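Notes for the one structure printed next.
Any read-out appearing in this document is the output of simple, stated calculations on the displayed coordinates, not a laboratory observation. Fair warning: this is a prediction, and the values are worked out from it, not measured in the lab. Note that each Cβ is placed from the backbone with ideal geometry, even for glycine, and that neighbours are counted across all protein chains shown.
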Amino acid sequence: MRLRRRRSSPDLRALQQTLAAGAADTTGAWPRAAKVRQFLLHQYSQVPAWLRDNPYIQGGYRVHFSWRLCLQSIFRLHNETLNVWTHLIGFFIFVLLMISMVSTVSPYGFDYFHLDRTVEVSSERLARYRQHFSQMVDSIRIRIPSWFEISKRLSVTGPTAVYLDALREKLTAIKDAVTGWCDHCSVRDIDRMRNSLTETVDNICESLPTDAVDSVRHLLLEIGSFLKAVRAEAAQFAAEFPNASFDAIAFLPRWPLAVFLGAAMACLLFSTIFHIFYCRSEQACTLLQQLDFAGICIMIAGSMVPAVYYGFYCLRFWQGLYLTMGICLPFLAFLAAMSKYLAGHRFRNVRAVIFASAGLVNLIPLCHLLFIRAGESRGLLLLVVGGVCYIVGAIFYSTQIPESIFPGKFDIWFHSHSIFHVFVVIAALTHYAALMRFFEWRMLNTCSVADAGAFRPNI
């Protein structure tokens, strides 16, 4: 009995020819293949030269996948799976941060209960005034009944008792505002209570009888000292708030924060697209690699913009200089990385040095901020931590550890490029936390007269 030979499909024959040619030629030549529609992975020795980026990753390569198969490979295991998901998850994290920033961060300052002009009182200052002012108010409230006895002894009639009762109520209101539930005290509320208290004190002083001054001079002096102390404490307490000078920075733009978040989203998205689709063809790999490089440069520039904008908000010369430098240098780095003389996998470390150098330029304005003691200390520390994360990730990227020590053992999981991606996301999140500190700090620190004279350097 003769067995009928099964006829193979055209796609399967094309795939078999492609695999045979790739297995026979290990020098990097790979014929122009039709779209591969079946999920097959290859060894390093079988892939074309334009896919040979890391010789220590010995398996798990996709070759000439169709666009649909590239998308489907997102949910399959291969040597780019972690590279895709680390930055894809990071992209969605920054999308949520963008939504949160736009919907919850007020351009008038950080106030979770109101959107009017409020200032945040530091916990240390608030604790100090809670204790001192509460003791002051309690001491005065205890003495008020004796003042009623004084008024009876002096046969005082008129509005004095009414004013004393109003004084008691206003002191209670101020104490509640200082020691109550709110940690955000409105400048207008504090100023209104201060003016009302001052008016009440003046009314009490005017209503006291002048004919009884000599007989009870020591008692009147005691009353006067208490009332003056109340006025002084209320004035000092309200003066601690930047009420008049706060108008100069009542509205702080949020667009620098949006610039950074948008830059981070672009970098992570472009990287994800590259790692998903670059296996389609050599032309697609070249184009998407340029897109990936563009995302890195956008990230470098976007990272500098908000830190410089808020840190040098009162020093416009330095702000403009550093913003120009922070935008132009990453663009020059992108042009250098796109040069045909630096193309190819053998110059990967050179490109890494170019991008790292463009990123290290951010240290110049950071050192300047430290020198002039501008910026929130925890924010500056977070900027340093974020920079360290970038450097550690770059070290993994350039040394190709751990797969360079154990070739073939980290083809799918925890190879150097995926570790590099994780550090990039951590560094970006740390950087955003630092920028939020800078935003808060700038809202609470207005431009001083000294800053106004420092808009230009003393040359």
So if R0 is 25 Å, what FRET efficiency would S398 and T286 give, r being the distance between their Cβ atoms, rounded to the nearest 0.05?
0.70
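Provide the FRET efficiency to the nearest 0.05 for the I372-F92 pair, computing r from the beta carbons and using R0 = 30 Å. Provide the component values of the computation, followed by the final result.
Numbers: r = 38 Å, r/R0 = 1.26.
The formula returns an efficiency of 0.20 here.
If you average the sequence gap of Cα pairs under 8 Å that are 6 or more apart and divide by the length of region 357-427, what percent do you get for the contact order? Mind showing how you got there, number by number?
Numbers: 43 pairs, mean separation 24.0, N = 71.
Averaging sequence separation for qualifying contacts and normalising by length gives 34 percent for region 357-427.
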Roughly what would the spin-label model give for V384 and L40, points 7 Å off Cα along C-beta, in nm?
5.5
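Pop the C-beta distance of W67 and V353 into the FRET formula with R0 = 35 Å and round what comes out to the nearest 0.05. Can you show the working numbers first?
On the way: r = 34 Å, r/R0 = 0.96.
My answer for the efficiency is 0.55.
Across every pair of different alpha-carbon atoms, what Kirkwood hydrodynamic radius in Å does region 350-394 reach?
Working: mean 1/r = 0.0885 Å⁻¹.
About 11.3 Å, per the Kirkwood formula over Cα pairs.
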Expected vector for region 290-302, Karplus 3J(HN,Hα) from phi with 6.51, -1.76, 1.60 and θ = phi - 60°, integer Hz, x for Gly and Pro, equals 5, 4, 5, 4, 4, x, 5, 5, 4, 5, 4, 5, x
Sorted by Cβ density within 10 Å, fewest first, the residues M338, M265:
M338, M265
Once you have the Cα-Cα distance between A49 and I391, take 0.36 nm times their residue separation minus that, and quote the gain in nm to one decimal.
120.2 nm
